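Trainee: Just dropping this structure here.
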Amino acid sequence: MLTELTPPFDGTKILQDKKKLLRILKERENEAIKLKIAVLGGSTTSDIIKVLELFLRQRGIVPEFYESEYAQYYNDAVFGNDELSSFKPELIFIHTTVRNIESFPEILENREEANTKLNSEFSRFEHMWTALSDRFGCPIIQNNFELPYYRLMGNREAGCSYGKIDFITRLNCKFYDYSETHKNFYINDINYVSASYGLEKWSQPRYWHLYKYAMNLDAIPDFAFNLSRIICSIMGRNKKLLALDLDNTLWGGVIGDDGQSGIEIGSETSEGQTFSAVQEYLKEHKKLGVLLTVCSKNDRENALLGLNHPDGILKPEDFACIKANWNEKCLNLEETAQELNLLPESIVFVDDNPAEREIVRAQLPEAAVVDFDSPEECIKALDRLGFFEVTTLSKDDAQRNEMYRANAERASLEKKFSNYGEFLKSLEMKAQILDFDEIHIPRITQLTNKSNQFNLTTKRYTQSEMEDCAKDSAYIRLCGRLCDKFGDNGIVSIVIGRKDNEKLHIELWLMSCRVLKRDMELAMLDELVKLAKGQGITEIVGYYYPTKKNSMVKDLYEKFGFDKLSDDNGSTVWRLQTADYEYKNKVISVNEE
């Protein structure tokens, strides 16, 4: 990652060097996702777009932009135009600020009169969101409102029917309520960003009067970065794993020298309280589905002793993997990724030692490295990087650490069997393989945007696209959930096929790598063929498009018994005749109560 594009930002330098930074990012570009973004602005947006592109490209997203004319956001949203329609946005960002609120309460207006204006202002925005959703069906990101840089009545502005701060706060709350009940709608919290930046610095009026920018130009990188976090999360570009050092990272002191009683953790000292806060912050990430692992130069016994400290918040069972040895940390990180069936780019490395950070940064550039000087700054640094931005959260996410820990138990059991088939039978696996339903659409969409290694066509879907697919009779759809005696793996596989007379074209086939080599792909194929034959399909056509990440499945169709029809520089097309198909799954019970 470019250090210039890592918080905290030098806004002036980023704006000055944006062309050079863009050139560097283009040179590094590899297998990026392309995304068409419509920016509908209530103020000038040109530099915002240029800086936003830098942050998106750094996270593997290549944007193409439509930019509305100045202050034409409402007309573009409600009435549309040919240019916007032909652009066909895949994501829409509405950049409005406090300067776009059309009517505030007048002095001495009562609460009822203020509410009338509040509802009118909200309705104007709701009208835009509905029109855009009906026309394009793509994700919409909407700014909330920052506070004004002055308070006419001082503290009375809050809690008074005609106070501007009161009005803005209540309007923001209506936006939040809408977001809570509408899929594919997200809030860009500039109220927080402006407060964090410093409201007086943020709201420099001269930039409005000179250029119609609703913020200080130097604040644009902070604003654009916050927006990029939402887009990256929607597009499945979040990180997945925190690899944590121990000594002077999770506790104060060195466990090998100081012993369990000598390390700093808990409420007895200020330093111990600080490390407790760090552990609590990291434990909250686990609840969001972020995998926690240990990467420490330590004897394993000492590492476990420190993690079992009676005042510690993180315990050994909170970690999906513990690497405590004297190997180089970059090697431990690579092994962690392999054991958990993840890519190194999924990792965020947290270590108090600057030398270790630089070694990992040089030897494993795909991983993200967090820089901080003290435990107090660790939370701030990690939080500002935004690698784990939440746009959707499912029960499967919250249980992810337990799922990976169960995988470790399966791996341990596997070593006891000389026959792999007997091992699979011993897992007592059960699968539900069914059509999509409304409850699971968010998780299904999330999986399409996260799975890279076992994804044959690498096609991505927005939630609205997936909802449309789920309603379309031209498709055969399957989502698979796998359970065994160790626990529930959640929804782990998705197949989408488009019907064309007696042919079925596989547009999407993916599976979570945490269930590799369990024959789930065979169970999915059996169910697909069964459904296809029931609908008169005689031929299934599969496609494989090679990427740097999905080479592991390049021969999948061949292993399934498909015949190869063509090969264009590694992009292959395969065919299976359904009439003579022999069912292949022998170890998973499917769709049994």
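Trainee: Every residue in the range 513-538 that is of a type in the set (D, E, K, R), within 14 Å of L576 (Cα to Cα) and open to solvent by 30 Å² or more (accessible area, probe 1.4 Å), please.
Mentor: K530, K533
Trainee: A further question follows. Taking the range 272-287 as the search range and keeping residues that are surrounded by fewer than 17 Cβ atoms within 10 Å (Cβ to Cβ) and without any contact (Cβ under 8 Å) to a residue 40 or more places away in the chain, which one is nearest to L393 (Cα to Cα)?
Mentor: E284
Trainee: State whether one or more residues within the range 254-264 are under 19 Å from F387 (Cβ atoms) and part of a strand (DSSP E or B).
Mentor: Initially, the range 254-264 is screened for residues under 19 Å from F387 (Cβ atoms), giving none.
No: the range 254-264 contains no residue that is under 19 Å from F387 (Cβ atoms) and part of a strand (DSSP E or B).
Trainee: Out of F417, F423, I need the residue that is assigned to a helix (DSSP H, G or I), touching a helix residue (DSSP H, G or I) at 6+ places or on another chain (Cβ under 6 Å), within 24 Å of M552 (Cβ to Cβ) and among the hydrophobic types (A, V, I, L, M, F, W, C). Which one? Spell out the reasoning first.
Mentor: Numbers: F417 fails: assigned to a helix (DSSP H, G or I).
Exactly one residue qualifies, and that residue is F423.
Trainee: Which is farther than 20 Å from P7 by Cβ and either open to solvent by 20 Å² or more (accessible area, probe 1.4 Å) or in a helix (DSSP H, G or I) (or both), of Y186, Y192, Y213? First the steps, then the outcome.
Mentor: Values: Y192 fails: farther than 20 Å from P7 by Cβ; Y213 fails: either open to solvent by 20 Å² or more (accessible area, probe 1.4 Å) or in a helix (DSSP H, G or I) (or both).
The match here is Y186.
Trainee: Within the set of pairs 6 or more residues apart or between chains, which connect a residue that is under 20 Å from M466 (Cβ atoms) and part of a helix (DSSP H, G or I) inside the range 123-144 to a residue that is open to solvent by 30 Å² or more (accessible area, probe 1.4 Å) and of a type in the set (D, E, K, R) with Cβ atoms less than 9 Å apart?
Mentor: F136/K88; F136/E90
Trainee: Starting from the range 551-564, keep only residues that are without any contact (Cβ under 8 Å) to a residue 12 or more places away in the chain and under 14 Å from I506 (Cα atoms), then list their pairs with residues that are in a loop (DSSP other than H, G, I, E, B) and open to solvent by less than 90 Å² (accessible area, probe 1.4 Å) whose Cβ atoms are within a distance under 9 Å, requiring at least 6 positions of separation or different chains.
Mentor: Filtered contacts from the range 551-564: no entries.
Trainee: Can you list the strands (runs of 3 or more DSSP E) found entirely within the range 533-582 that contain at least 2 residues being under 18 Å from F454 (Cα atoms) and in contact with a Pro (Cβ under 6 Å, 6 or more places away or on another chain)? Before the answer, list the steps.
Mentor: Numbers: elements: 539-544, 563-568, 571-577.
Answer list for the range 533-582: none.
Trainee: Right, another one. Scan the range 19-33 residue by residue and report those that are open to solvent by 30 Å² or more (accessible area, probe 1.4 Å), in a helix (DSSP H, G or I) and either over 26 Å from G236 (Cβ atoms) or out of contact with any Asp or Glu (no Cβ under 8 Å at 6 or more places or on another chain) (or both).
Mentor: Looking only at the range 19-33, we keep the residues that are open to solvent by 30 Å² or more (accessible area, probe 1.4 Å), and these are 19-20, 22-24, 26-32.
Imposing the further condition that a residue be in a helix (DSSP H, G or I) reduces the set to 19-20, 22-24, 26-28.
Selection gives K19, K20, R23, I24, K26, E27, R28.
Matching residues to (1) modelled with pLDDT of 95 or more; (2) under 20 Å from L340 (Cβ atoms); (3) over 22 Å from the mean Cα position of the chain (by Cα); (4) not in a strand (DSSP E or B):
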position	(1), (2), (3), (4)
A470	no, no, yes, yes
L478	yes, no, yes, no
C483	no, yes, yes, no
I491	no, yes, no, no
K499	yes, no, yes, no
H505	yes, no, yes, no
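Trainee: Follow-up question, since we're still on this one. Just to be sure, is M511 among the hydrophobic types (A, V, I, L, M, F, W, C) and either without any contact (Cβ under 8 Å) to a residue 24 or more places away in the chain or over 24 Å from G60 (Cβ atoms) (or both)?
Mentor: no
Trainee: Which one of the conditions (1) surrounded by 13 or more Cβ atoms within 10 Å (Cβ to Cβ); (2) touching an Asp or Glu at 6+ places or on another chain (Cβ under 8 Å); (3) not in a strand (DSSP E or B) does S43 fail to meet, given that it meets all the rest?
Mentor: The single condition S43 does not satisfy is (2).
Trainee: Another question about this same structure. Output the residue which, of all residues in the range 547-566 that are of a type in the set (G, A, S) and surrounded by fewer than 14 Cβ atoms within 10 Å (Cβ to Cβ), is modelled with the highest pLDDT. If you could, list the steps in order and put the result at the bottom.
Mentor: Taking the range 547-566 first, the residues of a type in the set (G, A, S) are 551, 561, 566.
With surrounded by fewer than 14 Cβ atoms within 10 Å (Cβ to Cβ) added as a condition, the list becomes 551, 566.
Numbers: S551: 87, S566: 95.
Ranking the candidates gives S566 first.
Trainee: Okay, moving on. For F9, indicate whether it is in contact with a helix residue (DSSP H, G or I) (Cβ under 9 Å, 6 or more places away or on another chain), at pLDDT below 95 and assigned to a loop (DSSP other than H, G, I, E, B). Working first, answer last.
Mentor: Working: in contact with a helix residue (DSSP H, G or I) (Cβ under 9 Å, 6 or more places away or on another chain): yes; at pLDDT below 95: yes; assigned to a loop (DSSP other than H, G, I, E, B): yes.
When the stated conditions are applied, F9 passes them.
Trainee: While we're on this one: Which number in (1) exposed (fewer than 14 other Cβ atoms within 10 Å of the Cβ); (2) touching a Cys at 6+ places or on another chain (Cβ under 8 Å) marks the one condition that E90 misses?
Mentor: (1)
Trainee: May I pose another question? Quick check on the range 478-508: of everything there that is of a type in the set (D, E, K, R) and in contact (Cβ under 8 Å) with a residue 60 or more places away in the chain, which residue is surrounded by the fewest Cβ atoms within 10 Å (Cβ to Cβ)?
Mentor: So the residue we want is D488.
Trainee: Taking the condition of being among the hydrophobic types (A, V, I, L, M, F, W, C) and either surrounded by fewer than 17 Cβ atoms within 10 Å (Cβ to Cβ) or under 26 Å from Q338 (Cβ atoms) (or both), how many residues in the range 426-451 meet it? Walk me through it before giving the result.
Mentor: Residues of the range 426-451 that are among the hydrophobic types (A, V, I, L, M, F, W, C), as a first pass: 427, 429, 431, 433-434, 436, 439, 441, 444, 447.
Right, trim to either surrounded by fewer than 17 Cβ atoms within 10 Å (Cβ to Cβ) or under 26 Å from Q338 (Cβ atoms) (or both) and you get 427, 429, 431, 434, 439, 447.
The total comes to 6.
Trainee: Given the criterion in contact with a His (Cβ under 6 Å, 6 or more places away or on another chain) and hydrophobic (A, V, I, L, M, F, W, C), identify the matching residue among V541, V590, V553, V573.
Mentor: Working: V590 fails: in contact with a His (Cβ under 6 Å, 6 or more places away or on another chain); V553 fails: in contact with a His (Cβ under 6 Å, 6 or more places away or on another chain); V573 fails: in contact with a His (Cβ under 6 Å, 6 or more places away or on another chain).
Unique residue meeting the criteria: V541.
Trainee: If I filter the range 67-90 for residues that are assigned to a helix (DSSP H, G or I), touching a Gly at 6+ places or on another chain (Cβ under 6 Å) and among the aromatic types (F, W, Y), do I get at least one hit? Walk me through it before giving the result.
Mentor: Of the range 67-90, the ones assigned to a helix (DSSP H, G or I) are 73-78, 82-87.
Retained after the next criterion (residues that are touching a Gly at 6+ places or on another chain (Cβ under 6 Å)): 73.
From what is left, the residues that are among the aromatic types (F, W, Y) are 73.
Within the range 67-90 (the criterion being assigned to a helix (DSSP H, G or I), touching a Gly at 6+ places or on another chain (Cβ under 6 Å) and among the aromatic types (F, W, Y)), the answer is yes, since at least one residue qualifies.
Trainee: State yes or no: is E389 touching a Lys or Arg at 6+ places or on another chain (Cβ under 8 Å), surrounded by fewer than 17 Cβ atoms within 10 Å (Cβ to Cβ), among the acidic types (D, E) and assigned to a loop (DSSP other than H, G, I, E, B)?
Mentor: On the way: touching a Lys or Arg at 6+ places or on another chain (Cβ under 8 Å): yes; surrounded by fewer than 17 Cβ atoms within 10 Å (Cβ to Cβ): no; among the acidic types (D, E): yes; assigned to a loop (DSSP other than H, G, I, E, B): yes.
Criteria not met by E389.
Trainee: Name every residue in the range 452-473 that is open to solvent by less than 40 Å² (accessible area, probe 1.4 Å) and over 22 Å from C232 (Cα atoms), in order of residue number. Quick ask: steps written out before the conclusion?
Mentor: The first filter runs over the range 452-473 and keeps only residues open to solvent by less than 40 Å² (accessible area, probe 1.4 Å), leaving 452-457, 461-464, 466, 469-470.
Passing the criteria: C469, A470.
The values are calculated or read from the model by the stated rules, or taken from the named source; none is laboratory data. Small disclaimer: the values here were computed from a predicted structure and weren't measured. Cβ atoms come from the backbone with ideal geometry, glycine included; neighbour counts cover every protein chain shown. Note: accessible area is taken over every heavy atom of the protein model, side chains too, but ligands, DNA and RNA are not part of it. Shrake-Rupley method; radii C 1.70, N 1.55, O 1.52, S 1.80 Å.
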